[in-house]
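Structure first, commentary second.
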Amino acid sequence: MAPERAPSASGGPGRRGSLGPVGLVLAGGISVQFGGALAVSLMPRAGALGVVTLRLVVAALVLLLVCRPRLRGHSRADWGTVVVFGITMAAMNGLFYQSVDRIPLGLAVTMEVLGPLALSVFASRRLVNLLWAGLALAGVFLLGGGGFGELNAAGVGFALGAGAMWAAYIVFSARTGRRFPQADGLALAMAVAAVLFMPLGIAESGTKLLVPTTLGLGAGVAMLSSVLPYTLELLALRRLPASTFAILMSLEPAIAATAGFLVLGQSLTATQAAAIALVIAASMGAVRTQTRRAAPPVEPAA
């Protein structure tokens with residue numbers, strides 16, 4: 001699933017000191033993708049929309065209790081930003097879970113990561129990014145076997161839609177972070193997303209959502225896919241450069257494919273594995289290009 005990401009931070013320690021934060025980010029990525037695998041296994045009980053509802057509601061309750069965001073003192077523009085952020089989050093999760101209900105987890109995440117990749121390429125506006133875009137398109141072509149004949153068309157469409165929402169999520173996450181202290185904006189946006197999605201989940205699954213086993217598994221999905229990775233990434237970003245964090249996020253299709261294989265028995269062909277590798281390489285290349293462009297010149301020593 002499309003995970004909720006912590007606000008980025010700049011600066012960081014040397015290579016040796018960054019091993020701890022890198023481990024935290026990787027642990028967060030593993031948590032997100034294995035949470036996604038658990039969500040897929042829960043779908044026969046609660047349906048895709050029901051699983052999204054459980055995840056968003058539990059995550060919202062936990063974040064509201066932990067963050068205790070202040071409701072007064074915010075402008076209309078602040079609330080407008082957090083509401084749009086919440087809508088984006090609801091759409092991203094809903095589309096992604098519809099996708100993994102139809103195509104393997106690793107392939108869905110690979111399609112989804114094209115959204116942030118496209119955002120990075122367009123934001124940089126450098127000629128070299130045409131190379132990264134071409135590499136990603138080659139990966140997508142391989143993934144579809146030249147025409148997506150072996151993949152569910154609706155699943156592919158939902159994954160690409162989730163990728164577009166992930167790109168929008170990145171934009172509105174940054175805007176919300178500038179308007180609200182700490183994680184208050186995320187907690188409020190999660191609550192908005194949960195309220196918006198509840199009618200859909202209830203309409204699809206009804207009282208199935210209240211079955212104790214389903215509630216417990218849904219809470220597990222929320223903790224693995226939202227609360228735990230957010231906490232780990234927030235801790236890591238205090239000591240890890242944002243560029244390194246973004247590169248590590250590019251590994252998520254590989255982590256998702258591993259989770260899909262271990263938890264759901266979803267194996268990949270050699271061609272699909274090569275396609276995922278191409279998209280990961282393109283994502284890493286685009287991030288490094290953008291980082292070099294943004295890096296300030298080094299002052300000469302006195």
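The table for this structure:
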quantity	calculated
Along principal axes, Cα extents of region 12-94, largest first, whole Å	44, 43, 22
Region 54-140: Rg to Rh, with Rh as the Kirkwood radius over Cα pairs	1.10
Per-pair calculated FRET efficiency, R0 = 30 Å: residue 83 and residue 131 via Cβ, rounded to 0.05	0.20
Equivalent ellipsoid semi-axes, region 166-243, via Cα gyration tensor eigenvalues times 5, rooted, Å	29, 17, 10
Spatial separation of Cα centroids for region 174-201 and region 50-120, in angstrom	8 Å
Estimated FRET transfer efficiency when R0 is 45 angstrom, pair residue 277-residue 75 (beta carbons, to 0.05)	0.45
Packing-based ranking, highest mean first, of 48-55, 110-117, 262-269 given that Cβ atoms within 10 Å are counted	48-55, 110-117, 262-269
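Rule-based calculations on the coordinates, nothing more; no lab input. Keep in mind it's a predicted model, so treat the numbers as computed, not measured. Neighbour counts run over all protein chains shown; Cβ positions are idealised from the backbone, glycine included.
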